[in-house]
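Asks: Next up is a structure, given as structure tokens.
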Amino acid sequence: MGNPFQKCCGGRSQEEANRSVEIGTGKEHEGYLGNNTRTTKYTLITFFPKALFEQYRRVANIYFTLVAALSLTPYTPVRPWTTWTPLVIVLGVAMIKEAIEDYKRYKADKEINNRAVKVLDPASKQFVEKRWQDVRVGDVIITQENHEFAADILFLTAENEEGTCYVQTMNLDGETNLKIKKALDETKDFTEKTL
């Protein structure tokens with residue numbers, strides 16, 4: 001039985017924390033999410049309500065909407081269009097800016113998801129090209145020097161005798177210095193042919 005707080009908030013229980021992945025059996029993908037990257041905030045259906053909600057998180061927009069609503073009463077000295085027009089323009093421009101930024105995120109996601117990577121095909125024992133979004137848990141991939149990974153990977157081996165590589169994690173934590181990663185002693189002697 002897990003901690004109720006962990007279950008409520010999406011955390012893993014102790015039983016779920018330990019993972020075992022069998023490679024080449026066809027079962028390695030079961031129960032795990034895919035590798036599709038999605039950083040967009042909106043979909044076509046949710047854009048208008050979510051973007052409008054984001055605009056009304058600003059107190060100034062709430063205030064000016066209340067002022068514009070008061071201009072609809074017969075007791076106000078100004079015409080409604082003099083308050084509604086600037087408000088609609090400000091909200092519209094902000095929402096258009098939000099849409100453009102989200103579209104840029106969508107294009108960046110698409111580029112990352114469609115990058116090619118070499119993945120070991122268990123049936124043919126050959127490395128075949130796949131897109132990053134098609135990589136699944138348990139897939140063995142081969143990377144090249146100075147290439148980005150669009151997945152969490154377990155480092156098995158390297159071309160050098162020490163079984164080490166250098167990884168830059170600037171996209172994750174902002175640090176530009178290289179971090180040294182070392183393969184497990186059990187796997188550091190693997191080669192492309194022995195995988």
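Read the figures in this text as sums done on the coordinates, not as results from a lab. All figures in this text were calculated on a predicted structure; none of them were measured in a lab. Cβ: placed from backbone, ideal geometry, glycine included. Neighbour counts: every protein chain shown.
Results for (1) among the charged types (D, E, K, R); (2) part of a helix (DSSP H, G or I), shown as yes or no for each residue.
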{"position": "A68", "(1), (2)": "no, yes"}
{"position": "P74", "(1), (2)": "no, no"}
{"position": "P77", "(1), (2)": "no, no"}
{"position": "W84", "(1), (2)": "no, yes"}
{"position": "K97", "(1), (2)": "yes, yes"}
{"position": "I100", "(1), (2)": "no, yes"}
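Asks: Taking the criterion of being surrounded by 10 or more Cβ atoms within 10 Å (Cβ to Cβ) and in contact (Cβ under 8 Å) with a residue 60 or more places away in the chain, would at least one residue in the range 152-170 satisfy it?
Replies: no
Asks: Another question, if that's okay. Determine which member of the set K110, K130 is of a type in the set (D, E, K, R) and in contact with a strand residue (DSSP E or B) (Cβ under 9 Å, 6 or more places away or on another chain).
Replies: K130
Asks: Here's something else I'd like to know. Check T157 against each of (1) out of contact with any strand residue (DSSP E or B) (no Cβ under 7 Å at 6 or more places or on another chain); (2) of a type in the set (V, I, T); (3) within 20 Å of D109 (Cβ to Cβ) and name the one condition it does not meet.
Replies: (3)
Asks: Only one of (1) within 24 Å of T40 (Cα to Cα); (2) touching a Ser or Thr at 6+ places or on another chain (Cβ under 9 Å); (3) part of a helix (DSSP H, G or I) fails for V117. Which number is that?
Replies: (3)
Asks: So, one more: Checking D102 against (1) within 30 Å of D152 (Cα to Cα); (2) of a type in the set (D, E, K, R); (3) loosely packed, with under 12 Cβ neighbours inside 10 Å, only one condition comes out false. Which one?
Replies: With (1) within 30 Å of D152 (Cα to Cα); (2) of a type in the set (D, E, K, R); (3) loosely packed, with under 12 Cβ neighbours inside 10 Å applied to D102, the lone miss is (3).
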